[in-house]
Amino acid sequence: MGKETITLTRRIQLVIDLPTEEERREAKSKLYQWRHRCHKAANLIVSHLYVQEMIQEFFYLSEGVKYKLVDEKKDELGIFNRSRMNTTYRMVSNRFKGKMPTNILSQLNSSIQSTFNKNREEYWRGERSLHSFKKEMAFPFSMEGVCGLEFKPEKSAFCFRFFSIPVKTYLGKAFDDKWKLMHQLTKGEIKMRTSYLKLKDGKIFMLAAFEIEKEKHRLRPEVVAEASLSLEYPIMVKIGKARLSIGSREEFLYRRLAIQAACRRTREGVKYARSGNGRKRKTKAMARYGEKEHNYVNHRLHVYSRELINFCVKHQAGTLVLVNQEKKIEIAREEAFVLRNWSYYDLMTKIKYKAEKAGIELITD
């Protein structure tokens, strides 16, 4: 039997809740310092893990050397004086303790260890390069970093202390299900798992991971929905005699090409734009069109995938089969136009997430 819960990630903007500009600037500076130290700690952790994994390569000058990457107290061949996970945590903790919350370091260490262990075979075979963390990385934290969460009507916001920094949420006008999720979290109805804090363009975003129960629908596993994804019609689905075409070429592709054409016209006129303040200012309009295309495609794919799952739920289909997808993927790889304009993997990701949330089994043929 599968898990009865699913993890949803929502991006929530945070605003520092302090009275004076100087205090807010100081608090934001502290967050940037934590991010900088997380960047250094993350690269140190992954480097140490790689050295530990490849340590046998350093014994090429000796013969008969035996070792195990475990605590020496648990095995006589062990070469560590503590558990393997604790080696990297103690290393970054000794370096950054007192300069940032240890909860962040602990979650960072666990996250990197998990990812490294997942890819260790590929590292060993030389098929994957070691991950290098960027300065703009988001850093993790657990629910321990969210202190005193409550909704304050006078501020129309959820307020809490992010470790020592008072913050409040800004959900905007179209906050979708974020308001409901935050209320449930406040009441203890759902849990928040390891989440991330992202600093971008002077703004603070919390990538909150909510663990919620799957939707309860009266689904019948023997009822099978057959769906086909293509560029002509984003989704064609049939369940018995019931059929549905979701989206169309005119709606999806032509509007996307119109945005691309506007971007090309703008690119041709960039050389005539007023100079000053560097390349970013001259290409500002191009970047805006790129963002428009991304937002349009992302929104349409969300709508298409939602209509597909709603259709399955309506007809009690407990199994969703995507037919003939392998052949279409091969065709898409050979044709540059199709590869550029058919957002197959994004659509697949959204269908998979929504199907899991609704309790529908997804099969790719």
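The values are calculated or read from the model by the stated rules, or taken from the named source; none is laboratory data. Note that the structure is a prediction, hence the values are computed from the model and not measured. Here the Cβ is made from the backbone with ideal geometry for all residues, glycine too, and neighbour counts use every protein chain on show. The protein model used for the area step is the full one, side chains on, heavy atoms only, and it has no ligands, DNA or RNA in it. Shrake-Rupley method; radii C 1.70, N 1.55, O 1.52, S 1.80 Å.
Has region 61-74 got at least one residue that is surrounded by 13 or more Cβ atoms within 10 Å (Cβ to Cβ), part of a helix (DSSP H, G or I), charged (D, E, K, R) and at pLDDT below 95? Among the residues of region 61-74, not one is surrounded by 13 or more Cβ atoms within 10 Å (Cβ to Cβ), part of a helix (DSSP H, G or I), charged (D, E, K, R) and at pLDDT below 95, which makes the answer no. THR7 satisfies every condition listed in (1) part of a strand (DSSP E or B); (2) open to solvent by 20 Å² or more (accessible area, probe 1.4 Å); (3) within 13 Å of ILE204 (Cα to Cα); (4) of a type outside the set (Lys, Arg) except (3).
Note on region 183-197: residues that are under 16 Å from SER106 (Cβ atoms) and in contact with a Lys or Arg (Cβ under 9 Å, 6 or more places away or on another chain) amount to 1. Elements of the type strands (runs of 3 or more DSSP E) sitting completely within region 202-246 and holding at least 1 residues that are under 30 Å from ALA27 (Cα atoms): these cover 203-213.
Tally time: how many residues in region 81-105 are open to solvent by less than 90 Å² (accessible area, probe 1.4 Å), in contact with an Asp or Glu (Cβ under 9 Å, 6 or more places away or on another chain) and not basic (Lys, Arg)? Spell out how you get there, then give the answer.
Pass one, region 81-105, residues open to solvent by less than 90 Å² (accessible area, probe 1.4 Å): 82-84, 86-93, 96, 98, 100-105.
Filter once more, so that each one left must be in contact with an Asp or Glu (Cβ under 9 Å, 6 or more places away or on another chain): 82-84, 86, 101, 103.
Then keep just the ones that are not basic (Lys, Arg); that gives 83, 86, 101, 103.
Residues in region 81-105 being open to solvent by less than 90 Å² (accessible area, probe 1.4 Å), in contact with an Asp or Glu (Cβ under 9 Å, 6 or more places away or on another chain) and not basic (Lys, Arg): 4 in total.
Just one residue in the set ARG249, ARG264 is within 16 Å of ALA285 (Cβ to Cβ) and free of Cβ contacts under 8 Å to residues at least 40 places away in the same chain; that residue is ARG264. Report yes if LYS134 is closer than 24 Å to ALA27 by Cα, within 20 Å of the chain's Cα centre (by Cα) and surrounded by fewer than 15 Cβ atoms within 10 Å (Cβ to Cβ), otherwise no. Yes, satisfied.
Taking the criterion of being in contact with a Phe, Trp or Tyr (Cβ under 8 Å, 6 or more places away or on another chain) and open to solvent by 80 Å² or more (accessible area, probe 1.4 Å), the residues of region 172-227 that qualify are LYS191, ARG193. Of the residues PHE158, PHE133, PHE151, the single one that is within 23 Å of GLN107 (Cα to Cα) and hydrophobic (A, V, I, L, M, F, W, C) is PHE133.
Here is a check on your reading of the model: is SER129 farther than 23 Å from THR194 by Cα, out of contact with any His (no Cβ under 7 Å at 6 or more places or on another chain) and among the polar types (S, T, N, Q)?
For SER129, the condition - farther than 23 Å from THR194 by Cα, out of contact with any His (no Cβ under 7 Å at 6 or more places or on another chain) and among the polar types (S, T, N, Q) - is met.
Results for (1) open to solvent by less than 60 Å² (accessible area, probe 1.4 Å); (2) over 30 Å from LYS357 (Cβ atoms); (3) of a type in the set (A, V, I, L, M), shown as yes or no for each residue.
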site: LEU253; (1), (2), (3): yes, no, yes
site: ARG256; (1), (2), (3): yes, no, no
site: CYS263; (1), (2), (3): yes, yes, no
site: GLU268; (1), (2), (3): no, yes, no
site: TYR272; (1), (2), (3): no, yes, no
site: ARG281; (1), (2), (3): no, yes, no
site: LYS284; (1), (2), (3): no, yes, no
site: ALA287; (1), (2), (3): no, yes, yes
site: TYR296; (1), (2), (3): yes, no, no
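GLY276 passes every criterion in (1) modelled with pLDDT under 85; (2) open to solvent by 60 Å² or more (accessible area, probe 1.4 Å); (3) not in a helix (DSSP H, G or I) apart from (2). Screening LYS238 on (1) modelled with pLDDT of 90 or more; (2) under 28 Å from the mean Cα position of the chain (by Cα) shows it passes everything except condition (2).
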